[in-house]
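See below for the structure under consideration.
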Amino acid sequence: MRLLIIGAPGSGKGTQADAIAQHYGVPAISTGNMFRAAVASGSPLGEQVKAIMESGALVPDEVTDAVVADRLGQPDAAGGWLLDGYPRNLAQVATLDAYLGAQGQALDAVVLLDVPADLLIDRLLKRAQIEGRADDTEATIRHRMDVYQDSTAPLIQAFQARDLLVRVGGVGEVDEVRERIAAALTARLGR
Ligand code: AMP
């Protein structure tokens, strides 16, 4: 099972990614979590991405693509995975396609977690209070929304054109949304 989950900042994709991955018994691989761990550890990668993340911009593709390729090559990812937060622009889609093609693998589905824009900012500001994420300040949130619209939203059409998109409404309680995603994926994939 090789799945992607895409959604705007604040759509709840991290939470849902963990639940879906657990359901299918595959690792949930979050580039955002990997970068945050690198920053927290003070590693060279962390030093490289800290300021970029705090601004709400995307980490350069070469850096991100290398981190993902390395992670997908680890033993626990051999039987499948769910990628959360990658790919985030069309160039990363092309890189992932090439990687999968070289392995003789393909994506099974792309979950789009759909949440109206006006709810997203509210959710992010609440998360800022609860989790204290460095990139959940109002200015950064606004920039991340713009980046999502400009760079990531085009993926929706691209995956729709490839008939991979499974669109799920992301408004509601966490459990409710999780059930919705599970039902939509089961209907699509038959498992
Ligand atoms: P996230 O937790 O997915 O919202 O990611 C937090 C931040 O990590 C983003 O705002 C970016 O700075 C960086 N990041 C995560 N995934 C990617 C990616 N696929 N490409 C570039 N930057 C990323």
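Annotation: of all residues in the stretch 11-28 being open to solvent by less than 20 Å² (accessible area, probe 1.4 Å) and touching a helix residue (DSSP H, G or I) at 6+ places or on another chain (Cβ under 7 Å), the one that is farthest from Ile141 (Cα to Cα) is Ile20. The set of residues in the stretch 158-190 that are of a type in the set (Lys, Arg) and free of Cβ contacts under 8 Å to residues at least 60 places away in the same chain comprises Arg162, Arg167, Arg180. Screening Leu120 on (1) among the hydrophobic types (A, V, I, L, M, F, W, C); (2) within 17 Å of Ile5 (Cβ to Cβ); (3) not in a helix (DSSP H, G or I) shows it passes everything except condition (3).
No other residue among Ala57, Ala8, Ala69, Ala38 is within 14 Å of the ligand (Cβ to nearest atom), in contact with a helix residue (DSSP H, G or I) (Cβ under 8 Å, 6 or more places away or on another chain), free of Cβ contacts under 8 Å to residues at least 12 places away in the same chain and on the phi < 0 side of the Ramachandran plot apart from Ala38. Taking the stretch 29-54 as the range and being of a type in the set (A, V, I, L, M, F, W, C) and open to solvent by 40 Å² or more (accessible area, probe 1.4 Å) as the test, the residues that pass are Met34, Ala37, Val39, Ala40, Leu45, Ala51, Ile52.
Pairs linking a residue in the stretch 78-103 that is part of a helix (DSSP H, G or I) to a residue that is among the polar types (S, T, N, Q) and surrounded by 20 or more Cβ atoms within 10 Å (Cβ to Cβ), with Cβ atoms under 8 Å and 6 or more positions apart or on different chains, are Gln92/Thr64.
The values are calculated or read from the model by the stated rules, or taken from the named source; none is laboratory data. Bear in mind the structure is a predicted one, so any value in this text is a computation, not a measurement. FYI the Cβ positions are ideal-geometry reconstructions off the backbone, even for glycines, and counts take in every protein chain you see. What goes into the accessible areas is simple: the full protein's heavy atoms, side chains included, and nothing from ligands, DNA or RNA. Shrake-Rupley method; radii C 1.70, N 1.55, O 1.52, S 1.80 Å.
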